[in-house]
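Engineer: Next up is a structure, given as structure tokens.
The values are calculated or read from the model by the stated rules, or taken from the named source; none is laboratory data. All figures in this text were calculated on a predicted structure; none of them were measured in a lab. In this analysis, Cβ positions are derived from the backbone assuming ideal geometry, glycine residues included, and neighbour counts consider all displayed protein chains. Surface accessibility is based on the protein's heavy atoms, side chains included, excluding ligands, DNA and RNA. Shrake-Rupley method; radii C 1.70, N 1.55, O 1.52, S 1.80 Å.
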Amino acid sequence: MALTGRAALLAALGSIPVGVLEPSWAGLLAVNGSLALACALDHTLAAPVRSLVLARSGDTSVRLGETADVHLTVTNPGRRPLRARVRDAWPPSSWVPGTETEASRHRVVVPPGERRRLTTRLLPTRRGDRHADRVTIRSYGPLGLWARQASHVVPWTVRVLPPFTSRKHLPSRLARLRELDGRTSVLTRGEGTEFDSLRDYVPGDDTRSIDWRATARGHLVAVRTWRPERDRHILICLDTGRTSAGRVGDAPRLDSSMDAALLLAALATRAGDRVDLLAHDRRTRAQVQGRAAADILPSFVNAMATLEPELVETDARTLVSTVLRSAPRRSLVVLLTSLDAAPIEEGLLPLLPRLTQRHTVLLASVADPRVAAMSEARGTVDAVYEAAAATQTRAQRRRTADQLARHGVHVVDATPDTLAPSLADAYLSLKAAGRL
């Protein structure tokens, strides 16, 4: 039960003349007694709330930054009309701060034996699963003096998926892919490429591409054209250890890595390659294997939706062992991790020969654009010290990248805005050179 502000106001107003004209307990009792009877009558006429039937429907998934509509159906099986205020509670991260009150509270009138549908519009601010909390209903009587109140548990889950902001780069990379895929002839040949077709020799062509049998049958010199091999295997490994929790700009490094992984997965799927996903720190957090091309992106975004950085050091030995088990044949292994010197030199570097002798390894890392800005700062003593620290950090990352390159690892070090397209370009370059 709940007393409304209207009842409290009437009690205060009724007590004023009694206290001014003739102060007595009898007068106060007369005024407030009649008000109490009115409140009891109002409570009796209010529709019961525990017998209401509630059900949910609506969206079960949404991309981060977009809205999701969840419908709540309120059925009144009683004999009295329901005049109520409804609070549909969700976690605070289900809305932009400051908009929760307006979005989660509803007024509704449900005649006896009928139902009404209320819509709660969510605008999540974080990835992951958002579970509905209790639905609290306050039913008012016709006088609005007293109310019945109860809470119902109506389960519903909305999964907030990664936003995939890098998909804007996909059309330009698909255009490059079409050039490499034999729809536009490639004039060079690379190790491990597939034969496409024959054409006339053009000065400047590689003489190793001349097809002497076709030349002998015709009157002109014929050369073979080649296209990148299809049906290659790509394993994308997300490092979810402590280094992925560092924030670059407004988001953790892990979010930028996931965005780059989604663009690479979309591009490689269009290229006819098989793509798998592994998220690992000390243990495997998510894994997607053996999915059809049409299911790759939905499976990836669902697996990534609940991933969060773990504040533990990544176990490089376990990671490498898991990669070797997941990719028994030659593959392109894409490691999305940090270029910090300590984790690389102490963890990954000693184990790289086990990977590089069987697979092509591509390491992509998120660089902080603020470090580049700090390295150019001048004018004050603090700015000079900041520039020195930033220059030292950049030099250390370059040394780490050079160490990886000497072990045969291809390195992409880019800011969050350019990591995804840079990784896609590196993949296309390897594909064009026949290194997959």
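Engineer: Pull up the stretch 298-311, narrow it to residues that are assigned to a loop (DSSP other than H, G, I, E, B) and of a type in the set (A, V, I, L, M), then point me to the one that is least open to solvent (accessible area, probe 1.4 Å).
Structural biologist: The residue in question is LEU307.
Quick grid of which residues meet (1) touching a Leu at 6+ places or on another chain (Cβ under 6 Å); (2) assigned to a helix (DSSP H, G or I):
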{"residue": "GLY98", "(1), (2)": "no, no"}
{"residue": "GLU102", "(1), (2)": "no, yes"}
{"residue": "ARG107", "(1), (2)": "no, no"}
{"residue": "THR120", "(1), (2)": "no, no"}
{"residue": "ARG126", "(1), (2)": "no, no"}
{"residue": "ARG130", "(1), (2)": "no, no"}
{"residue": "THR136", "(1), (2)": "no, no"}
{"residue": "PRO142", "(1), (2)": "yes, no"}
{"residue": "ARG167", "(1), (2)": "no, yes"}
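Engineer: Which condition from (1) exposed (fewer than 14 other Cβ atoms within 10 Å of the Cβ); (2) assigned to a loop (DSSP other than H, G, I, E, B); (3) within 23 Å of the chain's Cα centre (by Cα) is the one that ASP295 breaks?
Structural biologist: The failed condition is (2).
Engineer: Against the condition closer than 30 Å to LEU254 by Cβ and either surrounded by fewer than 16 Cβ atoms within 10 Å (Cβ to Cβ) or of a type in the set (Gly, Ala, Ser) (or both), how does GLY113 come out, does it pass?
Structural biologist: Working: closer than 30 Å to LEU254 by Cβ: no; either surrounded by fewer than 16 Cβ atoms within 10 Å (Cβ to Cβ) or of a type in the set (Gly, Ala, Ser) (or both): yes.
No.
Engineer: Among the residues of the stretch 161-204, what is the count of those that are modelled with pLDDT under 60 and within 30 Å of GLU308 (Cβ to Cβ)?
Structural biologist: Summing the residues that are modelled with pLDDT under 60 and within 30 Å of GLU308 (Cβ to Cβ) in the stretch 161-204 gives 0.
Engineer: Give the residues of the stretch 117-164 that are in contact with a Lys or Arg (Cβ under 8 Å, 6 or more places away or on another chain), touching a residue at least 24 places away in the same chain (Cβ under 8 Å) and of a type in the set (Val, Ile, Thr), sorted by residue number.
Structural biologist: Hits for the stretch 117-164 are VAL135, THR136, ILE137, VAL154, THR157, VAL158, VAL160.
Engineer: Still on this model: From the list THR314, THR269, exactly one residue is buried (at least 19 other Cβ atoms within 10 Å of the Cβ) and part of a loop (DSSP other than H, G, I, E, B). Which is it?
Structural biologist: THR314
Engineer: Is it the case, given these coordinates, that LEU143 is surrounded by 14 or more Cβ atoms within 10 Å (Cβ to Cβ), under 38 Å from the mean Cα position of the chain (by Cα) and not basic (Lys, Arg)?
Structural biologist: Considered against the rule, which asks whether it is surrounded by 14 or more Cβ atoms within 10 Å (Cβ to Cβ), under 38 Å from the mean Cα position of the chain (by Cα) and not basic (Lys, Arg), LEU143 comes out as no.
Engineer: Follow-up. Which helices (runs of 4 or more DSSP H) sit wholly inside the stretch 337-436 and have at least 1 residues that are basic (Lys, Arg) and open to solvent by 40 Å² or more (accessible area, probe 1.4 Å)?
Structural biologist: 352-356, 369-375, 381-406
Engineer: Tell me which residues, restricted to the stretch 48-80, are surrounded by 16 or more Cβ atoms within 10 Å (Cβ to Cβ), touching a strand residue (DSSP E or B) at 6+ places or on another chain (Cβ under 7 Å) and in a loop (DSSP other than H, G, I, E, B).
Structural biologist: Result: VAL49, LEU52, ASP59, LEU64, ASN76.
Engineer: Does THR215 satisfy being open to solvent by 20 Å² or more (accessible area, probe 1.4 Å), β-branched (Val, Ile, Thr), touching a Leu at 6+ places or on another chain (Cβ under 9 Å) and at negative phi?
Structural biologist: No, not satisfied.
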